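Right, one structure below, let's go through it.
The values are calculated or read from the model by the stated rules, or taken from the named source; none is laboratory data. Source: prediction; values computed, not measured. Note that each Cβ is placed from the backbone with ideal geometry, even for glycine, and that neighbours are counted across all protein chains shown. These accessible areas exclude ligands, DNA and RNA; they are computed on the full protein's heavy atoms, side chains included. Shrake-Rupley method; radii C 1.70, N 1.55, O 1.52, S 1.80 Å.
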Amino acid sequence: MPASNTAQPPNTSSFIGLQSYTEEQADNFFGRDKEIESLTKLVESNTLTIVFGKSGTGKTSLLNAGVFPNLRKDYCLPFRIRLEFRDDSLDLITQIKNVLQQEIDKYGFSVEAYPGGETLWEYFHREPLWNAVTPILVFDQFEEIFTLAKKNERFGIKEQAIFWEELADLIENSIPEKLKEQFLNNKEEIHYNYRTQKTKILFSFREEFLPEFESITSKIPSIKFSRFRLLPMNGHQAYEVITRTWKDDINPTEARQVVSFFTYDNENESYDLITVEPALLSQVCSYIDKERIKEGAEKVSAELLKKYPKDTILRSIYEEGIEEGNEALNRYGQAVEKLARNPVKEFVEEKMITTEGYRTKYSLSENDVYIRPGVEVLINRYLIREDDNKLELTHDILAPIIKTDREKRRKEIAFATERKKARRKAFVILLAALLTGGGFWAFATIQRNNAIQERDDAIVERNDTQQQTDSLQRQFTLDSIKLSQLKKGIKSRSFPQDDTSMNFLNELYIKDSTELVNLKSNYSGLAEALKAKTYMLDSMRILFDKTSLEYLNSSTLSASNYREAMNTMLKLRSRIGNDSMDLVSTNRKLTDLTIRFNNLNDLYEALLQLRYPRPVAVDTNFNVKLDLYFVSSKKNLRKAPSNLTIFLIPDSIANKKIIRQAKLYEIHCDDNTLRKTSNFKVATYYNGRYGFVGVPEGKYFIKICTYYGGYYTLTKTSAAMQEIKWEASPPIR
């Protein structure tokens, strides 16, 4: 839990919120005596210790201000290491060596040499200092080896392999491979005792990353054994922190009142059962202390706590985090005013608590990418914790505040909706009254205003549609240029065939294939929407005609029926206008998407022909012939075109995995993968037929590389020619 410096300046808070204790602040670190003693013994008794706990439980403070001072008393020298994974960061082993040198200089130790080009194992065994002092490498926030390292290609498999190999040698006291030849085979004289364990290691990380460490136990078996889980504080520990930090500045009664902030039952709940997050406790105490200093009070009095009760303090901490979260969205380019009035707050209210108001876990999805910067702020302020991509409030005491805000917001939305309905209803009643009294001029004015508004809406809609059309047209132009260039390259055989060009074509192939799938999905969705709107519009027009007839004969209607008929007519008129514009826009989008779909399909075919030229028939002595035909949407049979790529792959153990994947119907084929199979053949087209030459007996898998191409399983029982009549139209998965 954060705290201040040992020597506290006047009018300065003893709590500093979200910061962590340093080793210099050990005299102000309270509430963790048992944990300090247990963890110190564990570190001293084992070569490797792993410390894990949830975010906000105070792992860094426990190590810095609790365990490190104890270890120094027993002739141990802890080196706190937090690895960096930026583009300009040094390699991981060099970072460790730099920390060693800095700490050695800081404490004034005399050494023969600083760590240089040798391995860490060799340095710790060679340097005489480590015969008297035990070095302890403490890797804090070590979960970043599994998070930040993955985001930077610099720290990939090779870099991490070197890192783990050196740590494994230290932990298991294994002679590095490059030294074994020198020590064991060449029998060179060794001037130090390499059999004695010289170092200790400690990993500290968030507990949700514990499974990641299980994956490296085969290389470092010691990971299975010495483990320490840091839990949140209980009520007794929180009381100790409050009374020993404030000392004479708080009475026991007020101290117990602050502890009660972290429970629903202020009177009866046992301190053993109360759960207190150290980070949240520090923020609460920091808030109280700053208000005490601001008001010039000597003590945390009952009057001060009455002025700043639990709900006021927690709400202030919560809303400060929400405000900073919304600012983060703006900094990262998210337009808050377009997302919601208060997007981070609404996200927490809708996702972090149940309908009844209890905290719950929420799994982030791709739809939540926009809110991620704001969520990161709440995580860093320990209001929310993340565990395996699932979010949860750090403490139950925040849930009532969030529930109250959610209910207030929902009531405001409901009230605004009802108020809008009431205004509409009043307008209809007024309109009916005007018409009943002969106010046809007023009705005509309203109708004219409606027509003007519909015209303005139509102009806006047309402008939006034109912008979309222009954007698509620009893309059509670019696609057409690329298509033309590729076709010229095919015709002249002048397109470069080096690796760079092939990689470019492969990337373009993947991009266009993905875009084809998306466009086809959008096309289908728009078609269904168009069908539904057409049906709805037809129904509305029929009802409109009926209502218009009733209007013309309105003298026969009662006053209430008349108002109802007028209301219905006005609503239908507005809906018909809006839906008509939607139909125009939808038809235009469908046309544009169809053009783009066909254009990209042609572009892909050109790319495929360029990348993999189909074999030319030089030997017509086929012993497997394919008589292919396709069934069109009108149930007509059509022969196969002459430009297909068809693979014949032996059904062997080596090819099993690729064949299994190829049986999934997909756009075209994964040509790269299919060409990696053993002994594959590509069909030749000759005289209206596809065929293969020199196919021996055995089982084979045949795959057609066309749009959602089908496949066929062939068993060849003799060397004689075998003909296959194949209806090659597959179902689409």
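Under the simplified labelling scheme, the GLN197-PHE415 pair shows an inter-label distance of 6.7 nm, with each label point 7 Å from Cα along Cα→Cβ. Averaged over its residues, region 32-139 has an accessible area of 41 Å² per residue, based on protein heavy atoms and a 1.4 Å probe. Taking the Cβ-Cβ separation of LYS657 and SER215 as r and a Förster radius of 30 Å, what is the calculated FRET efficiency to the nearest 0.05? FRET efficiency, LYS657 to SER215: 0.80. If you plug the beta carbon distance of THR312 and TYR114 into 1/(1 + (r/R0)^6) with R0 = 51 Å, you get a FRET efficiency near 0.40.
Across region 345-413, the relative contact order, built from alpha-carbon pairs under 8 Å that are at least six residues apart, equals 38 percent. Taking Lys and Arg as +1 and Asp and Glu as -1, the other residues whose beta-carbon sits under 13 Å from that of ARG86 total -3. Taking label points 7 Å from Cα along the Cα-to-Cβ direction, LEU664 and TYR271 give a separation of 5.9 nm.
Using the Stokes-Einstein relation with a Kirkwood hydrodynamic radius computed over Cα pairs, the translational diffusion coefficient of region 162-311 at 37 °C and a viscosity of 0.692 mPa s comes to 163 µm²/s. The alpha carbons of region 678-730 occupy a box of 31, 25, 21 Å along the principal axes, longest dimension given first.
What separates the Cα centres of region 219-259 and region 347-404 is a distance of 24 Å. Phi-derived couplings, Karplus 6.51 cos²θ - 1.76 cosθ + 1.60 at θ = phi - 60°, listed residue by residue for region 394-403: 6, 8, 4, 5, 7, 4, x, 5, 5, 5 Hz, with x used for Gly and Pro. Sparse packing (at most 12 other Cβ atoms within 10 Å of the Cβ) combined with a DSSP loop state is found for the following chymotrypsin sites (Phe, Trp or Tyr not before Pro) in region 260-309: TYR264.
Looking at the square roots a ≥ b ≥ c of the eigenvalues of the Cα gyration tensor of region 56-109, which shape do they give, rounded for a/c under 1.5, prolate if a/b is larger than b/c, or oblate? Judged from the Cα gyration tensor, region 56-109 comes out oblate (a/c at least 1.5, b/c at or above a/b).
In this simple spin-label approximation, SER301 and ARG82 carry label points 7 Å from Cα along the Cα→Cβ vector, and these lie 4.0 nm apart.
Less than 5 angstrom separates the built amide H of GLY709 from those of GLU666, HIS668, all sequence-distant by 5 or more or on a different chain. Can you give the FRET efficiency for SER363 and THR404, using 1/(1 + (r/R0)^6), R0 = 25 Å, r = Cβ-Cβ distance, to the nearest 0.05? Here the calculated transfer efficiency is 0.50. Note on region 67-170: Cα-only Rg and Dmax are 14.4, 41 Å. Placing +1 on each Lys and Arg Cβ and -1 on each Asp and Glu Cβ, with no other charges, gives region 225-337 a dipole about its Cα centre of roughly 360 debye. Longer than 21 Å from Cα to Cα, which of LYS657/LYS699; LYS41/LYS97; LYS59/LYS219; LYS180/LYS219 are they? Say none if no pair is. Checking Cα-Cα distances, LYS41/LYS97; LYS59/LYS219 exceed 21 Å. Computed on region 32-182, with alpha-carbon pairs under 8 angstrom and 6+ residues apart, the relative contact order is 26 percent.
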